[in-house]
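Worksheet for the structure shown next.
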Amino acid sequence: MQNQLKTAIIQTDLVWEDAKANRKNFEQKFEELPSDIDLIILPEMFTTAFTMNAEAVAETMDGKSVAWMKNHAMQLDTALMGSLIIKENDKFYNRMIFAFPDGYIVTYDKRHTFSLAGEDKVFEAGKEKVIIDYKGWKLCPLICYDLRFPVWSRNTAEYDVVIYVANWPKPRIAAWDALLKARAIENMSYAVGVNRIGIDDKQNEYCGHSAVYDVLGNNITPIRPNKDQIETVTLEKKHITYYREKLKFLDDKDTFTIM
């Protein structure tokens, strides 16, 4: 078990429906990272931005972007995660890809498709919650709109970190801040949120507010709004263990099953 998890958050603008340009942008940012990073987190739909034009831009699990993630995870000897549009069995998914340093892949499909933007009409909703075991840490990957639904985020698996990647727009950024902090407090885990910046092709504006909250709800990341920024933060297993053993709030949670 590794007691620390050195995590890199990449908050940046995204080029509309241009996977090649976006991959190149992230490649340049990888060059700025220290060599001892354990995990790199990219935003939601990091290859295309939040588009409903899935038919035109979707890739497969054998496509260039998944291969790119595998290759860079192996080259950098780190885990790499972010969501992209995947076509599988004639259906489209907003799928989180988690590439291990050896190139092994774990996936999570977004459970709550964003009906306000018509995502539910284009994308198939995920059905399974996923917990990733990585270097002795339990990670719970979730995507954007999932943040609004605390039952789905509920810590029944004793995970250590819940991770949200997003294209969360500026007009509702106060909700992002409040909910991300709440998910950390109620689940007694680190909560990591990685959001984009810039203006997309639909004139939606994004201001970032990427952050890491600790078990007590403290923001431990000095990431500035609207700034193209790479931030590294070291998560500490002893921080989780100390407060869970001292406060024992998770012992008092209600017991029920999501059907």
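The values are calculated or read from the model by the stated rules, or taken from the named source; none is laboratory data. Computed from a prediction, not measured in an experiment: that's the story for all the values here. Every residue, glycine among them, receives a Cβ derived from its backbone with ideal geometry; neighbour counts consider all protein chains shown. Only protein heavy atoms, including side chains, enter the accessible area calculation; ligands, DNA and RNA are left aside. Shrake-Rupley method; radii C 1.70, N 1.55, O 1.52, S 1.80 Å.
Say whether the condition of being surrounded by 24 or more Cβ atoms within 10 Å (Cβ to Cβ) and either under 17 Å from Pro225 (Cα atoms) or in contact with a Phe, Trp or Tyr (Cβ under 7 Å, 6 or more places away or on another chain) (or both) is met by at least one residue in the stretch 124-140. Steps first, answer last, please.
Looking only at the stretch 124-140, we keep the residues that are surrounded by 24 or more Cβ atoms within 10 Å (Cβ to Cβ), and these are 139-140.
Next cut, either under 17 Å from Pro225 (Cα atoms) or in contact with a Phe, Trp or Tyr (Cβ under 7 Å, 6 or more places away or on another chain) (or both) only: 139-140.
Within the stretch 124-140 (the criterion being surrounded by 24 or more Cβ atoms within 10 Å (Cβ to Cβ) and either under 17 Å from Pro225 (Cα atoms) or in contact with a Phe, Trp or Tyr (Cβ under 7 Å, 6 or more places away or on another chain) (or both)), the answer is yes, since at least one residue qualifies.
When you go through (1) open to solvent by 70 Å² or more (accessible area, probe 1.4 Å); (2) of a type in the set (Asp, Glu); (3) touching a residue at least 12 places away in the same chain (Cβ under 8 Å) one by one for Glu231, which number turns out not to apply?
(1)
Please determine, by comparing only the residues of the stretch 96-122 that are open to solvent by less than 10 Å² (accessible area, probe 1.4 Å) and of a type outside the set (Ser, Thr, Tyr), which one is farthest from Val162 (Cα to Cα). Before the answer, list the steps.
To start, the set of residues in the stretch 96-122 that are open to solvent by less than 10 Å² (accessible area, probe 1.4 Å) comprises 96-99, 108, 110, 119.
Subsequent filtering for residues that are of a type outside the set (Ser, Thr, Tyr) retains 96-99, 110, 119.
Numbers: Met96: 13, Ile97: 15, Phe98: 14, Ala99: 17, Lys110: 14, Glu119: 23 Å.
My answer is Glu119.
Please enumerate the residues belonging to the stretch 69-95 that are open to solvent by 20 Å² or more (accessible area, probe 1.4 Å) and not in a strand (DSSP E or B).
Filtering the stretch 69-95 for residues open to solvent by 20 Å² or more (accessible area, probe 1.4 Å) gives 70-72, 74-77, 87-93.
Within the stretch 69-95, Lys70, Asn71, His72, Met74, Gln75, Leu76, Asp77, Asn89, Asp90 meet the criteria.
Would you mention how many residues in the stretch 149-193 are β-branched (Val, Ile, Thr) and open to solvent by 10 Å² or more (accessible area, probe 1.4 Å)? Explain how you work it out, then say what you get.
Of all residues in the stretch 149-193, those β-branched (Val, Ile, Thr) come to 151, 156, 161-163, 165, 173, 185, 192.
Narrowing further to those that are open to solvent by 10 Å² or more (accessible area, probe 1.4 Å): 151, 156, 173, 185.
So the answer is 4.
Could you tell me whether the stretch 20-27 includes any residue that is open to solvent by less than 20 Å² (accessible area, probe 1.4 Å), in contact (Cβ under 8 Å) with a residue 12 or more places away in the chain and within 21 Å of Lys87 (Cα to Cα)? Give the derivation first.
If we filter the stretch 20-27 for residues that are open to solvent by less than 20 Å² (accessible area, probe 1.4 Å), which is where we start, we get 22, 26.
Checking the rest, the ones that are also in contact (Cβ under 8 Å) with a residue 12 or more places away in the chain come to 22, 26.
After this cut, where a residue has to be within 21 Å of Lys87 (Cα to Cα) as well, the list is 22.
Scanning the stretch 20-27 turns up at least one residue that is open to solvent by less than 20 Å² (accessible area, probe 1.4 Å), in contact (Cβ under 8 Å) with a residue 12 or more places away in the chain and within 21 Å of Lys87 (Cα to Cα).
Across the stretch 34-65, what is the number of residues that are in a helix (DSSP H, G or I) and either of a type in the set (Phe, Trp, Tyr) or under 19 Å from the mean Cα position of the chain (by Cα) (or both)? Full working, then the answer.
Narrowing the stretch 34-65 to residues in a helix (DSSP H, G or I): 54-57, 64-65.
Checking which are either of a type in the set (Phe, Trp, Tyr) or under 19 Å from the mean Cα position of the chain (by Cα) (or both) leaves us with 65.
The total comes to 1.
Please state which one of Lys202, Lys121 is closer than 28 Å to Ala56 by Cβ, modelled with pLDDT of 95 or more and assigned to a loop (DSSP other than H, G, I, E, B). First the steps, then the outcome.
Details: Lys121 fails: assigned to a loop (DSSP other than H, G, I, E, B).
Going through Lys202, Lys121 in turn, the sole match is Lys202.
What pairs come up if the first residue lies in the stretch 242-259 and is under 16 Å from Asn187 (Cβ atoms), the second is open to solvent by less than 100 Å² (accessible area, probe 1.4 Å) and not hydrophobic (A, V, I, L, M, F, W, C), and their beta carbons are under 7 Å apart, counting only those six or more places apart or on different chains?
Leu250/Asn155; Leu250/Arg244
What are the pairs, 6+ residues apart or on separate chains, where a residue within the stretch 73-92 that is under 26 Å from Glu31 (Cβ atoms) has its Cβ under 6 Å from a residue that is in a loop (DSSP other than H, G, I, E, B) and aromatic (Phe, Trp, Tyr)?
Pairs that qualify, where the first residue is under 26 Å from Glu31 (Cβ atoms) and the partner is in a loop (DSSP other than H, G, I, E, B) and aromatic (Phe, Trp, Tyr), are Ala79/Phe100; Gly82/Phe46.
Any residue at all in the stretch 19-30 that is among the polar types (S, T, N, Q) and assigned to a loop (DSSP other than H, G, I, E, B)? Please lay out each step first, then the result.
Residues of the stretch 19-30 that are among the polar types (S, T, N, Q), as a first pass: 22, 25, 28.
If we keep only those that are assigned to a loop (DSSP other than H, G, I, E, B) too, we end up with none.
No, because not a single residue in the stretch 19-30 is among the polar types (S, T, N, Q) and assigned to a loop (DSSP other than H, G, I, E, B).
Only one residue in Leu42, Leu80, Leu76 is more than 17 Å from Ala166 (Cα to Cα) and in contact with a Leu (Cβ under 8 Å, 6 or more places away or on another chain). Which one?
Working: Leu42 fails: more than 17 Å from Ala166 (Cα to Cα); Leu80 fails: more than 17 Å from Ala166 (Cα to Cα).
So the residue among Leu42, Leu80, Leu76 that is more than 17 Å from Ala166 (Cα to Cα) and in contact with a Leu (Cβ under 8 Å, 6 or more places away or on another chain) is Leu76.
Examine the stretch 27-35 for a residue that is of a type in the set (Phe, Trp, Tyr) and out of contact with any Asp or Glu (no Cβ under 9 Å at 6 or more places or on another chain), and state whether such a residue exists. Walk me through how you get there before you give the answer.
Restricting attention to the stretch 27-35, the residues satisfying the condition of being of a type in the set (Phe, Trp, Tyr) are 30.
Those left that are additionally out of contact with any Asp or Glu (no Cβ under 9 Å at 6 or more places or on another chain): 30.
Yes, the stretch 27-35 contains a residue that is of a type in the set (Phe, Trp, Tyr) and out of contact with any Asp or Glu (no Cβ under 9 Å at 6 or more places or on another chain).
Quick one: in the stretch 43-68, which of the residues that are out of contact with any Ser or Thr (no Cβ under 7 Å at 6 or more places or on another chain) and of a type in the set (A, V, I, L, M) is surrounded by the most Cβ atoms within 10 Å (Cβ to Cβ)?
Ala49
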